[in-house]
Amino acid sequence: MTDHLQTLKYIQSDVLSFWVNSKAQASFNEYFYSLKQCLKKRLGIVNAAFLSFDSNSLIPVEEMAALTIETKLNAVSWQMIEASFYQQNVVKIPYILKEKEAYKMMTDLVLFQAEGKNPIGVLLVEATDAWTDFMTSDYGEECVETLTKVLQMIRENLELKVNEDQYRKLYNMTDLFHSTMDIDLILENVLKNIKDNFPEFNVELILSNDQDRRTTIDIKLFDYLSERPATIEAFVSGELTTELASDLNCRLLNAPIKGRQAIYGILQVGAPTSYLFTTTEKDFVRMLAQASGNALENAKLYHQSHRLVSDLQLINETSHRLNMRIDIHEMLLFLQKQLKSLQPMEVCFAFKHNDSFEVTDASTALFNSEKGQIYIKHVEQHFEHTNDPLFIADFSRLTSNQIEYRSIMAIPILMEEKINGFSIVLHKEPYFFSFDSFKLMQSLIHHSSLAIANSILRNQLQEMVDLDHLTKLYARSYLDQYVEKSLEKDQSGMFLLIDIDNFKRINDTYGHQIGDKILMQIALKLKETIGARGICARWGGEEMSVYVPNIDEKEAIELTTAIVAVIPNATDPQVTISAGLITWDEQYRPAFQSVFSYADTALYEAKNSGKNRFCIHDRFCQTNS
């Protein structure tokens, strides 16, 4: 009896000693080493092991202390041995532990668990006579109670130190986060802190694709179509998830990077398949991800406010410029310049013409090539069914064709709620354009649509004024302005006044519909013959005119000869024309009104000299016979 009491006192003295020195200890493994020395000295225990409780698992303290990638194959489920301790703390070792190679020589199992708390762990020993004698005495249970109290205090003290260290790191990070709006710096420190705590683990930042792309940190973009289910669950629910990813040969911990307004991505830690994340580790990763989420959100809102101011200035500048009644080509070139703020590689503007869309000159060269047609066709097909804008993060997923540009945004240009055209921007990188860029492009095109529609309507109205509605030749008023400007700036020119021979007889014989048809046939042939060298106009009634700048007299005569000759073959029923020609150059530059008067006189001479011919002002008549 006395020996057992003395043994208890010695054990209590040893326990008190290593408790006093506990502040110098770095891990639970070091406490257990001291306990083993005590048991060896007092009870002759040579073979002993301690399994520490964590997350419903019992883990050898040697592996708990290391917290490296060393596998925890010796972890034992608490539920599998809990029933062994029915109303007692010291039992014979159960078979589930006995069958493990490391514990096959062990005989006794001791549970350390304070009342109302989770177990601290279990002690496995290969019993000696002294151990058996002491543990079955009246002092054995008291010894277990003493060890339980001390181990509970040591465990709490150790957890306090670990938590203090982690909270200090989190505090330092939070302090840094509140002092910067640099997204790169925030993400760098998130990665650094995680890698400091898990130096041998793989760490990835998976950010949603509406984040600023200015960051230089190596990140992965979140993609619903390719992410793992557990990663998506963490992103959607905002809760931490774990997954045994056998195909990747690792265990994944997914912590949502969560702010007050949204979830911005996932902080993913990859460990070996046999590794078990502790509750403390999970809490640290969760708190780090949340702190970084708040910091990222603040930085994002800061940059977003500046970007919104910049965007509003851009939209205001665009609206102001487009309302200055500039022509549509100049308008689109300006709009192309404004869209450069989105950093596209290619820009297109296309407008509806008859039943198809035509690419304008304000588009980049790609869209006038065969390579650009695949993008235009896709956008056209989209707008056949809806007026909604198009935002494609990765076009390669929607087509089997080999494509160069993977990010696409297309915005309709509406006129009276109908699509009159569209604008496209492209980039080779997938997920290049952010949602903010998409909204900005929508605003720019929306604010421009009215100005573009007004410009188109002005052009249509001007066209109605400038063109004769029947022949589609220029009207007399447009011709007057054109000739007057040419006389001021050009070096030479010709004016040809044309009259259809016997046109009244055509109307009387065939009717006015046929008469109109002949007018249109002659107008078409005149435009084909003149081309882009000059303009053709309807002078009035059955009279038409041609004006060509910068042409010498010889060329003018040849051109007029060709016109008089070709008209009979271009009309059905056949008609001939008479014409009056006047030419001018640097030495002879007639007054504006004189041009028309002289041409009219020459036409009168052609009519009176037999028709189907032309006369030149102050010269002889040229026949076509």
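Points worth noting:
- Cleavage-rule hits (chymotrypsin sites (Phe, Trp or Tyr not before Pro)) in segment 69-162: DSSP loop, at most 16 neighbouring Cβ within 10 angstrom: TYR86
- Candidate lysines - alpha carbon under 22 Å from LYS504, same-chain residues fewer than 8 apart omitted: LYS472, LYS517, LYS525, LYS607, LYS611
- Net charge over other residues, Cβ less than 14 angstrom from the Cβ of MET544 (K, R count +1; D, E count -1): -3
- Once the gyration tensor of the Cα atoms in segment 180-301 is diagonalised, the equivalent ellipsoid follows with semi-axes of 22, 16, 13 Å, ordered largest first.
- Radius 10 Å from Cβ of GLY259, net charge of other residues (Lys, Arg +1; Asp, Glu -1): +2
- Inverse of mean 1/r across different Cα pairs in segment 476-623, Kirkwood, Å: 15.3
- Loop trypsin sites (Lys or Arg not before Pro), segment 387-443, which have at most 15 other Cβ atoms in a 10 Å radius of their Cβ (DSSP): LYS428
- Summing +1 for each Lys or Arg and -1 for each Asp or Glu among the other residues whose beta-carbon sits under 14 angstrom from that of ALA350 gives -4.
- Loop trypsin sites (Lys or Arg not before Pro), segment 223-307, which have at most 12 other Cβ atoms in a 10 Å radius of their Cβ (DSSP): ARG260
Every number here is computed from the coordinates shown, using simple stated rules; none is lab data. The shown structure was predicted, so the numbers you read here are calculated from the model rather than taken from an experiment. Don't worry about glycine lacking a Cβ; one is built from the backbone with ideal geometry, like all the others, and counts go over all protein chains shown.
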